[in-house]
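Asker: Structure incoming, see below.
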Amino acid sequence: MDHRDDSRPEWGKSVSKVCLLPQRVVLVLMGFFSLICAFTCRVSLSHAITILAISNKISNKTIANLTDEAPDGVCQQEVESKDAVEHIGIYTWSETEKGFILGSFYFGYLISHLPGGVLADKYGAKWVVAFCVGVTAICELLSPTSIRLGPYYLITLRVLMGIAQGPIFPGLNGLLSSWAPKKERATLGTICFGGSTMGIILSNACSGLLLHYYTWPVMFYVFGSLSVIWFFVFAIICTSSPFSHPFITPKEREYLADEVGNVNKDKPAIPWKPLLLSMPMLSLIVSQMGHDWGYYVMVTNLPLYMADVIRFSIRSNGFVTALPYVAMWIASLISGVVADWLIRSGKLRLVTVRKLFTLLSAVLPGTFMVAASYAGCDKALVVALFTISMWTMGMYYAGQKLSALDISPSYSSTITAVINGLGSFTGLFAPPIIGLLTPDAEDRLFRGSHTNGESESKSIFTQPSGHSPAFQGVSEEVSHFLRHTR
């Protein structure tokens, strides 16, 4: 069927007249909100665990009774306000046990990437993303029950949530491959993927407030309910391809047909061997693992670090752990616009832009993370250094994160699944390792754990030559890069 034939239903034609935004922007915004739902549910336990577990550190009462300053390596506790709800710890979990509980999510997360990516490439990404967020919502709503039943039930539920969230990034890449024109890709991509950062911001800020004013189960019910609402809205207004959308305007559909084409039409089988053995693919895997180590350390352990080491109050902890991600989100949006401008204006080639933004987001964050661990108990300086660290990490979304779309739009979901899945190994091991390295959670013990693996990302800038036949549909410029760059 010719893409210029207006085959929309009559109700679709009526709806399109009142839509204020292009449907590719609507889809990107729904992708943005899908990651907000996923990450609020993922990160909420990192805050809940700070009040669910009986801390094995020096207690607040002990600190309050000290006449001078706290012992070496222990920061002064920030006093809770009088209107705060009193939370009594339920479990006597050690730091190592906390690490395994928080890390259990990634057992499921790493195994579901590839099946989800393949399903998205083969059958369309819409229902893969919708199903994954829906299951995540159910797991979040069941979290208070699993916590009351015991840690093994909680770990099982977290593994299930991890399985559900694994295919989300590959699915979103599949959607962008059909909806995002090349010259708008960095802007639309950073908006969409910026939802993960905004999810952490909202989870950190809202978790602090909800735990301050209400009992801890309320936090899980709020985040889970909002995810259920997202599921129904997304299912109604979004499609995997612009050619099957019921109320996209003919003008936008023609534009996408000319700029993107139908990447899902007559797609050949996935060439697994050349795909997995190509050097560009291996370079992307290494860079992803380096980035993910630092990112997951921050996502999983920053609330614990601020609560148990720097010793912020519950409400303050929510705000100070959100601030670095506000900076990261703003930086990601700016970098996306700058990257597209550099490409459109011809000032830098697409490949050079991706390399530059990946390099900056790999080297700078780890430097500032280590500096933060040497800031001692200076609360303002610690927060400032972590904020700068995450600001510089925001450029990652205009760099490495979009490489799968550049290399092969037809297989972007599968490529992302492999890269993201292997990168998630760092999320599996980072929390337990940090728990083992920091049994007493003094600031000096965190210095080694904050030594970020992101320097591994530099391997992407020394790729051996070679062009894999797996990357069909690759642009002429990227194809030239894959053949000749060293």
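Asker: Go through (1) within 21 Å of Ala322 (Cα to Cα); (2) open to solvent by less than 20 Å² (accessible area, probe 1.4 Å); (3) aromatic (Phe, Trp, Tyr) and name the single condition Trp216 misses.
Answerer: (2)
Asker: Another one. So Asp258 fits all but one of (1) of a type outside the set (Gly, Ala, Ser); (2) touching a Phe, Trp or Tyr at 6+ places or on another chain (Cβ under 7 Å); (3) in a helix (DSSP H, G or I); what number is the exception?
Answerer: Of everything listed in (1) of a type outside the set (Gly, Ala, Ser); (2) touching a Phe, Trp or Tyr at 6+ places or on another chain (Cβ under 7 Å); (3) in a helix (DSSP H, G or I), Asp258 misses just condition (2).
Asker: Same structure again: For segment 14-39, name all the residues that are under 21 Å from Asn204 (Cα atoms) and open to solvent by less than 10 Å² (accessible area, probe 1.4 Å).
Answerer: The answer is Gly31, Ser34, Leu35, Ala38, Phe39.
Asker: Looking at segment 121-136, which of its residues are assigned to a helix (DSSP H, G or I) and modelled with pLDDT under 85?
Answerer: Asp121, Lys122, Tyr123 - these are the residues of segment 121-136 that are assigned to a helix (DSSP H, G or I) and modelled with pLDDT under 85.
Asker: Consider only pairs whose beta carbons are under 8 Å apart and that are at least six residues apart or on different chains; among these, list those whose first residue lies in segment 236-258 and is touching a residue at least 12 places away in the same chain (Cβ under 8 Å) and whose second residue is assigned to a loop (DSSP other than H, G, I, E, B) and among the acidic types (Asp, Glu).
Answerer: Pro250/Asp6
Asker: I would also like to ask the following. Which of the helices (runs of 4 or more DSSP H) contained wholly in segment 14-120 include at least 3 residues that are touching a helix residue (DSSP H, G or I) at 6+ places or on another chain (Cβ under 8 Å) and modelled with pLDDT of 75 or more?
Answerer: It comes to 23-52, 95-103, 105-111.
Asker: Which residues, taken from segment 334-388, are out of contact with any Gly (no Cβ under 8 Å at 6 or more places or on another chain), of a type outside the set (A, V, I, L, M) and crowded, with 21+ Cβ neighbours inside 10 Å?
Answerer: Asp340, Phe368, Ser373, Phe386
Asker: Of Gly224, Gly162, which residue is touching an Asp or Glu at 6+ places or on another chain (Cβ under 8 Å) and either at negative phi or not in a helix (DSSP H, G or I) (or both)?
Answerer: When all the criteria are applied, what remains is Gly224.
Asker: Consider Met395 against the criteria (1) free of Cβ contacts under 8 Å to residues at least 40 places away in the same chain; (2) closer than 20 Å to Tyr296 by Cβ: it satisfies all of them except one. Which criterion is unmet?
Answerer: Checking Met395 against (1) free of Cβ contacts under 8 Å to residues at least 40 places away in the same chain; (2) closer than 20 Å to Tyr296 by Cβ, the one that fails is (1).
Asker: Among the residues of segment 127-146, how many are surrounded by fewer than 20 Cβ atoms within 10 Å (Cβ to Cβ) and of a type outside the set (Gly, Ala, Ser)?
Answerer: Count: 8.
Asker: When you look at Val233, is it surrounded by fewer than 14 Cβ atoms within 10 Å (Cβ to Cβ) and either touching a Ser or Thr at 6+ places or on another chain (Cβ under 6 Å) or under 20 Å from Ala120 (Cα atoms) (or both), yes or no?
Answerer: yes
Asker: For the subset of segment 309-351 comprising residues that are of a type in the set (S, T, N, Q) and in a helix (DSSP H, G or I), which member is nearest to the chain's Cα centre (by Cα)?
Answerer: For segment 309-351, the residue satisfying everything is Ser332.
Asker: Could you tell me which numbered condition Gly346 fails, if it satisfies all but one of (1) of a type in the set (Gly, Ala, Ser); (2) on the phi > 0 side of the Ramachandran plot; (3) touching a residue at least 12 places away in the same chain (Cβ under 8 Å)?
Answerer: Here Gly346 meets the rest and fails (3).
Asker: Would you check if Ile147 is assigned to a helix (DSSP H, G or I) and closer than 23 Å to Met30 by Cα?
Answerer: When the stated conditions are applied, Ile147 does not pass them.
Asker: Within the set of pairs 6+ apart or on separate chains, which have a first residue in segment 217-234 that is free of Cβ contacts under 8 Å to residues at least 40 places away in the same chain, a second that is in a helix (DSSP H, G or I) and not charged (D, E, K, R), and C-beta atoms under 7 Å apart?
Answerer: Final answer for the pair search is Val218/Leu210; Val222/Leu210.
Asker: Ok, one more. Quick one: which of Leu149, Leu175, Leu209 is open to solvent by less than 20 Å² (accessible area, probe 1.4 Å) and either more than 25 Å from Gly294 (Cα to Cα) or more than 14 Å from the chain's Cα centre (by Cα) (or both)?
Answerer: Only one candidate qualifies: Leu175.
The values are calculated or read from the model by the stated rules, or taken from the named source; none is laboratory data. Just so it is clear, the structure is predicted and the values come from calculations on it, not from any experiment. Don't worry about glycine lacking a Cβ; one is built from the backbone with ideal geometry, like all the others, and counts go over all protein chains shown. These area figures cover heavy atoms from the full protein model, side chains too; ligands, DNA and RNA do not enter into them. Shrake-Rupley method; radii C 1.70, N 1.55, O 1.52, S 1.80 Å.
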